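What follows is a single structure, written as structure tokens, with notes after it.
Derivation of every value follows stated rules applied to the coordinates shown; laboratory data play no part. Quick caveat: nothing in here was measured; it's all calculated off a predicted structure. For neighbour counting, all protein chains shown are included, and Cβ atoms are generated from backbone atoms with ideal geometry for every residue, glycine included.
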Amino acid sequence: MTTQQNRRPDRGKLSLIACNSGKLFASRIERQLMELVREEDGTAEPVMRESEEVTFANGELKTVIHENIRGDDVYVVQCIDDPGSGKTVNDNIMALMTAIHAAFQSDAESITAVIPQFPYSRQERKKARESITAKLIAGMLESAGANRVITLDIHSEAIEGFFNQSILEDLHASKALIDYYKARFSTDNLCIVAPDTGGAHMARHYSNVFQAALAVVDKARDYSKASVIESMRLVGNVDGKRVFMPDDLIATGGTLINACRLLKENGAREIVLACSLPFLNGNAKEKLAKAHKEGLFEALIGTDSVHHGESFFRDNPWYHEVTVAPLFANVIFNINRRRSVSALLR
């Protein structure tokens, strides 16, 4: 009998572990997973395993797993940027590392870090005497014990090359965002706009799906200062058109608002924004609310990879949220059952 024939049909019992900032997203993934398992097997047991995130007086923390996961196929869910928690990005990175290593010490069969927001992804190259911090994060995940990492629309594909042993699965929110847009907004006389040249590849995908025109906002950036744009110009025609402008992430929102202003000056009829990772750091929410009031854009569609709380949704009707939990659940299910995930990554 061959080695392939000797392999078990799955990767061990499927188990989810949720870090504190990943609990809401993990619960959404679990609901979808239970449906998938129930549909195939006829019955489904809970896959969430009890764990505890302990913080000490000096700020150090650890994760304790309260159930036996020996031999399990474990998925550790964490949302690194959690606006409502009061925790920093670095706090949540350490919580993730301790959870992964706790699973490693518990003799899990395989360990996957489920992190829709890959931390420090915008530090994937050096422009001066500085660290390539995204590479450090990749090394930390591997050292902690992660065999695989699942993330969403990573800012730079170069990060895939930073892993030596672990597999990086980069999922895409485009289908969920496109379906939501088609259901609620008109596609008549539509133009897809890339907010910068780096987003042209993503915008081209949207343009092909919508069979719509394509334009690009060309930005000259001052790399000596954080988030500073020196100039902008539009390549393409948006006069009289409806604009759909997708991006991988929104941080402070300043350059995106300036791009909207440029499009309006060039005759754009209406603008709908979309992004996979709506971080909305600093005073981005206030700036976007003001820009919406000025009529610079109609709506912003974000995913639940970053959750801003019910009060934000209530106070800002221009913000729309679409869930990507079913996408993550389908990928986790297929990995656990040793099936292809290629179609799900498109």
### Within segment 174-322: Cβ-based charge dipole about Cα centre, in debye rounded to nearest 20 (Lys, Arg +1; Asp, Glu -1)
180 debye
#### Entry: Dipole axis of segment 1-151 (+1 Lys, Arg; -1 Asp, Glu on Cβ), positive-most option in I137, H101, A57
I137
## Note on the structure
Farthest towards the positive end of the dipole of segment 174-322, among H307, N266, H205 and with Cβ unit charges of +1 on Lys and Arg and -1 on Asp and Glu, lies the Cα of N266
### Query
What is the dipole size for segment 30-177, taken about its Cα centre, with +1 at each Lys and Arg Cβ and -1 at each Asp and Glu Cβ, in debye to the nearest 20?
860 debye
### Query
Reachable lysines from K175, Cα under 19 Å, same-chain residues fewer than 8 places away excluded?
none
### Summary
By the mean-Cβ-within-10 Å protection proxy, highest first, 312-323, 268-279 rank as 268-279, 312-323
### Query
Under 5 Å between amide H atoms, partner at least 5 residues away or on a different chain: which partners does H320 have, H built in plane at 1.01 Å?
L300, I301, G302
### Set of lysines near K264 by C-alpha distance (under 24 Å), chain-local residues within fewer than 8 positions excluded
K182, K219, K241, K285, K287, K290, K293
## Note on the structure
Computed about the Cα centre, the charge dipole of the chain from +1 Lys/Arg and -1 Asp/Glu charges at the Cβ has a magnitude in debye, to the nearest 20, of 780 debye
### Query
Ranked from highest to lowest mean number of other Cβ atoms within 10 Å per residue, what is the order of the peptides 333-344, 28-39?
28-39, 333-344
### Query
Straight-line reach from K135: which aspartates and glutamates have Cα under 18 Å away, leaving out those fewer than 8 places along the same chain?
E124, D153, E157, E160, E169, D170
### Task
Quick one: net charge around D179, please, counting Lys, Arg +1 and Asp, Glu -1 for every other residue with C-beta under 15 Å from its C-beta.
+2
### Message
Sorting check: for 86-93, 212-219, which peptide has the highest mean count of neighbouring beta carbons within 10 Å, and how do the rest follow?
### Response
212-219, 86-93
